[in-house]
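K.L.:
Let me give you the structure first, and then I'll get to my questions.
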Amino acid sequence: MGSFRPHGRARVACALDAGRTLQLTSGRSGIALALRHLGIARGDEVLVPAYHCTSMIEPVVWSGGAPVFYRIRRDTAVDLDDVQQRITPRTRALLVVHYFGFPQNLVALRAFCDHHRLALIEDCAHALFGEYADRPLGSYGDYAITSSMKFFPIYDGGHLVSAYRDIQRIDLESGSLAFEAKAAINAIEYALEYDRLGALKYMLASVLWVKNKIWDRLKANDPEKGHRAHGPSAADGDYAFDPGWLMKRMSVWSRLLMATVARSRITAKRRDHYMALLDALSALPGCEPLFPELPRGVVPYVFPLLVDEPERVFPVLKRQGVPILRFGEYLWEGVDELVCPVTADLSRRLFQFPCHQELRREELAWMIDRVKGALAPGEEQSSLSRRRSAAR
Ligand SMILES: *Cc1c(COP(=O)(O)O)cnc(C)c1O
C-alpha cells in the first residue's frame, strides 16, 4: 500500500496478506472450517445475510449452527439495527459479505462484534483484493474466506484466513492423484478455451453450465446422486457443500498458478473494465448502477446493474449470449420479502455483468452494445415484428 505503479495506479491489497492462511479447495470449506474452529455446536446461532448464495448457508447448517438471516440496506451494507434485534444468548458469529468487491464498513462491524462478543467472519469470495481504511479486506475478521476461482483461472481453490486466530494448527490432507490430475487438466482447458473462444463466450458456457448443474440437482432431489468423487462441488459449479472436501488442500496446480499470476494485472484490468461499463451504462434510462463510483482500493468482482424491467430484459440478454448472473437468484427456504425487502428486490433486479481481467476490448464493446439494445424500450417488439414481417 502507498506505493504506486508507474502509470499511477495504486497497488491494491490482497486478503491473502491479511493474516495466516490455509489453502483449501473452495470458499465454502473455509466457512465450514471457521465455524468448526470456533466450536459452533448444535443450537448456536450464526447471523448470515438474507442476500446470499446457498453455498454460504450449507456449511452453517453442516456445522450444527442455525442460520439467522439479517437485513441488508439498499447499498448492500449490513443493517446493524436489524442485526442487533436478532442477537440472542445463543448468537456466536456474524458473517458479512463484501458484495461484488465493495467493502462493508469494517471498522463499525469490528466494534459491533467486539461489543457483543461475536466472532466476525468476512466473506471475501467477491473481494480477494481490496482494502478498507488502509488495511486489507480479510484483516478485520476473526476469520475470512476467499473463493480463488472467481479471480484466477483455476479449477479449485479457496482460503481460510485469520489475522487473529491460530488456524495454522489445522492439518490439511492432500487430494487424490485423480483430483490433482483433474485440476491440472481443467486449468489447461481453461487457458485454451479462453484463447479460442474469448473470455465472454467461455464465461457464457460456464454460466449455462452452472445453471444446468443446479437444475440437475433440483431434479435429482437426491444429494448423493450428484456426488462427484474427483472434485469438490464448488469446482464443478454447484452450490452444495460436501464435507468430504473440508480438510483437503488446494491442488498443486492451483497453488502454483496463484503464486505466479500477476496480481497487479488482475486488479488494474478489472478496475478498467468496471469503469468502461460505468461510463457506458450509468446514464442509460431503465437501469442504474448499484455502485456509481469505484473508490480507490476497490477491485470489483463484477459490474452490478439494477434493471427496471428485469423480466423483459433478462431473457433478451440471455438469448444474445451475454453471460449474466443474478446473485441471490436462489435463496434459502423461508427467506422472502418479509425477511428482507431489499434482498427480494436485488435478487430480482440486479444483474451482474463480467468485468473479468481476460475480457477483450471488443468483447466489452459488444456486451455494452447488447445491454444498450436490450434496455431500449420497444427493442424486443420491433425485432419481433421485423422477424414476423420477414416470415410473411
Ligand atoms: C461463491 C461464493 C461463496 C462460496 O465460494 P466457493 O469457492 O464457491 O465455495 C461464498 N460466498 C459468496 C458471497 C460467494 O459468491
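The values are calculated or read from the model by the stated rules, or taken from the named source; none is laboratory data. Values in this document were obtained by computation on a predicted structure and should not be read as measured data. Neighbour counts run over all protein chains shown; Cβ positions are idealised from the backbone, glycine included. Note: areas computed on protein heavy atoms with side chains; ligands, DNA, RNA excluded. Shrake-Rupley method; radii C 1.70, N 1.55, O 1.52, S 1.80 Å.
K.L.:
Quick one: if you take sqrt(5λ) for each eigenvalue of the C-alpha gyration tensor of the stretch 105-173, what semi-axes come out, biggest first, whole angstrom? Show your work: numbers first, answer last.
P.N.:
Values: eigenvalues 102, 53, 15 Å².
In descending order the semi-axes read 23, 16, 9 Å.
K.L.:
Now a separate question. Among GLY286, VAL302, ILE266, which residue has its Cα furthest toward the positive end of the charge dipole of the chain, with +1 on Lys/Arg Cβ and -1 on Asp/Glu Cβ?
P.N.:
With unit charges placed on the Cβ atoms, the residue in question is ILE266.
K.L.:
Could you work out how far the C-alpha centroid of the stretch 243-322 sits from that of the stretch 159-175, in angstrom?
P.N.:
After rounding, the separation between the Cα centres reads 28 Å.
K.L.:
Express the carbon and sulfur contribution to the solvent-accessible surface of the stretch 321-379 as a percent, rounded to the nearest whole number, probe 1.4 angstrom.
P.N.:
Values: 1320 of 2560 Å².
Accessible surface attributable to carbon and sulfur in the stretch 321-379 totals 52 percent.
K.L.:
Volume per residue, Å³, of the convex hull around the alpha-carbon atoms of the stretch 13-80? Don't jump to the answer; show the numbers that get you there.
P.N.:
Values: hull volume 7.9 nm³, N = 68.
Roughly 117 Å³ of hull volume per residue.
K.L.:
Between the stretch 41-85 and the stretch 18-40, what is the separation of their alpha carbon centroids in Å?
P.N.:
About 17 Å separates the Cα centre of the stretch 41-85 from the one of the stretch 18-40.
K.L.:
Between beta-carbons, use under 12 Å as the cut-off and find the net charge around SER254, counting Lys and Arg +1, Asp and Glu -1. Walk me through the intermediate numbers first.
P.N.:
On the way: positive: LYS182, LYS248, ARG249, ARG255; negative: ASP156, GLU180.
Here the charged neighbours net out to +2.
K.L.:
If r is the Cβ-Cβ distance from ALA178 to LYS201 and R0 is 30 Å, what FRET efficiency results, to the nearest 0.05? Walk me through the intermediate numbers first.
P.N.:
On the way: r = 29 Å, r/R0 = 0.96.
It comes to 0.55.
K.L.:
Net charge near GLY64, counting Lys/Arg +1 and Asp/Glu -1 over other residues with Cβ under 10 Å of its Cβ?
P.N.:
+1
K.L.:
Here's something else I'd like to know. Per residue, how much accessible surface does the stretch 98-206 expose to a 1.4 Å probe? Answer in Å², no decimals.
P.N.:
Values: 4140 Å² over 109 residues.
With the other protein chains kept in place, the stretch 98-206 gives 38 Å² per residue.
K.L.:
Now a separate question. Of all alpha-carbon pairs in the chain, indicate the percentage at a distance above 36 angstrom. If you can, show how the numbers build up before the last one.
P.N.:
Details: 16329 of 76636 pairs.
So the portion of pairs separated by more than 36 Å is 21 percent.
K.L.:
Can I ask one more? Where does the Debye-calculated log10 I(q)/I(0) of the stretch 288-334 sit at q = 0.27, 0.31, 0.32 Å⁻¹, using only Cα point scatterers of equal weight, no solvent?
P.N.:
Normalising to I(0) and taking log10 leaves -1.12, -1.22, -1.24.
K.L.:
Okay, next question. Under 5 Å between amide H atoms, partner at least 5 residues away or on a different chain: which partners does PHE353 have, H built in plane at 1.01 Å?
P.N.:
Under 5 Å from the amide H of PHE353 lie the amide H atoms of PHE303, LEU305, each far enough along the sequence or on another chain.
K.L.:
Would you mind giving the average projected area, over all directions, of the Cα convex hull of the stretch 239-375 in nm² with one decimal? Don't jump to the answer; show the numbers that get you there.
P.N.:
Values: hull surface 44.0 nm².
Its average projected convex-hull area is 11.0 nm².
K.L.:
Here is a further query. Taking each full run of DSSP H in the chain as one helix, which ones are at least 24 Å long along their axis (Cα atoms) and have mean Kyte-Doolittle hydropathy of at least -1.0? All intermediate terms of the calculation are to be shown ahead of the outcome.
P.N.:
Working: long enough: 177-197 (29 Å, 0.26); 199-220 (31 Å, 0.20); 263-281 (27 Å, -0.62).
Long hydrophobic helices here: 177-197, 199-220, 263-281.
K.L.:
Calculate for the chain the 222 nm mean residue ellipticity that helices alone would give, adding -39,500 (n - 2.57) per DSSP H run of length 4 or more and normalising by residue count, nearest 500 deg cm²/dmol.
P.N.:
On the way: 12 runs with 158 residues, N = 392.
After summing the helix terms and dividing by residue count, I get -13000 deg cm²/dmol.
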